[in-house]
1. Right, Leu114: under 18 Å from Ser46 (Cα atoms), in a helix (DSSP H, G or I), modelled with pLDDT of 90 or more and out of contact with any Pro (no Cβ under 7 Å at 6 or more places or on another chain) or not?
2. Do you know which residues across region 109-129 are under 30 Å from Leu262 (Cβ atoms) and buried (at least 21 other Cβ atoms within 10 Å of the Cβ)?
3. Quick check, is Gly28 outside any helix (DSSP H, G or I), of a type outside the set (Lys, Arg), in contact with an Asp or Glu (Cβ under 8 Å, 6 or more places away or on another chain) and modelled with pLDDT under 95?
4. When you look at Ala104, is it within 13 Å of Glu64 (Cβ to Cβ) and either more than 19 Å from the chain's Cα centre (by Cα) or crowded, with 21+ Cβ neighbours inside 10 Å (or both), yes or no?
5. Select from region 66-95 the residues that are at pLDDT below 90 and aromatic (Phe, Trp, Tyr) and write down the one among them that is nearest to the chain's Cα centre (by Cα).
6. Just checking: which of the helices (runs of 4 or more DSSP H) contained wholly in region 142-220 hold 3 or more residues that are in contact with a strand residue (DSSP E or B) (Cβ under 6 Å, 6 or more places away or on another chain), closer than 22 Å to Phe49 by Cα and modelled with pLDDT under 95?
Amino acid sequence: MLALPGGGFVQLPQEGIGKTEGAAGMTGTGQDIPGYLVCTHPRSGSSYFCQLLESTGKLGKPLEYFTHGHMRRRFADPADPASLQAQMHHFEQVAASSNGLRAAKLFWFDMPGLAKSRLLDRFAGYRAVHLERADKLGQAISISRALRTGQIRSDMGAADSSASYEYDDIRRRLETLLTADASWKAFFKKQRMRPLHILYEDVTANPQAAVDRVARLVGLESAPIDKDGVTLRMQRDTLNSEWRERFLAEVSQRNPGLAEGLKGATAA
């Protein structure tokens, strides 16, 4: 059973997504595994990471095929269909690289619709990559700023500094992403899956090493990044650091328990 946001449960598929982290016995073509899913939450560096993966020409095209709303149409495919069934058909038609390997990016809030529509069965045999950001506060600040400025990606121009700091908005974003990460982990445990765990911080430190981990997951020895196919860059600037300092000062007074839990967060 899959617990859904807001309550309720949905029966999970019997086959499930791929159960193992390794891919021992693969031929090296990637064709023995149908694909993989990047399971994550917004502002985890997922657009950058997925662009790195796609640039190799071997690791599918991991886009947001199942995310509702205008963002998918704006950044990936203006003709993206509205219904989940049509989105699944579209995914199966266009998400593969030349070796036949498919890939998609999923957010936790995509899961209820997929589960209710019985579409998770279509991912039987897929491997899972759990992309997570260690710096949860930095991620929450990034979400808050992006949603209130509308500047989601670095290819949308120079950073917008017009948004004002709002403690409650950052706190809500932080609580939501913590719940989403915990939900992914509970899902993997329930499905007896061992996803490949990758940190955003490791991707930025050594992009090729992170990409090669995914390549090995699907049975490929390597997958060189094509730098010409990577256009996205980190958006963080001094305003994020200012908001961090203000939040940490304020949370220690308003929510000491949350402040204690943030002590191990990495610097922005």
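1. no
2. Across region 109-129, the qualifying residues are Met111, Ala128, Val129.
3. yes
4. When the stated conditions are applied, Ala104 passes them.
5. The selected residue is Phe66.
6. none
The values are calculated or read from the model by the stated rules, or taken from the named source; none is laboratory data. Since this is a predicted model, take the numbers as computed values, not measurements. Note that each Cβ is placed from the backbone with ideal geometry, even for glycine, and that neighbours are counted across all protein chains shown.
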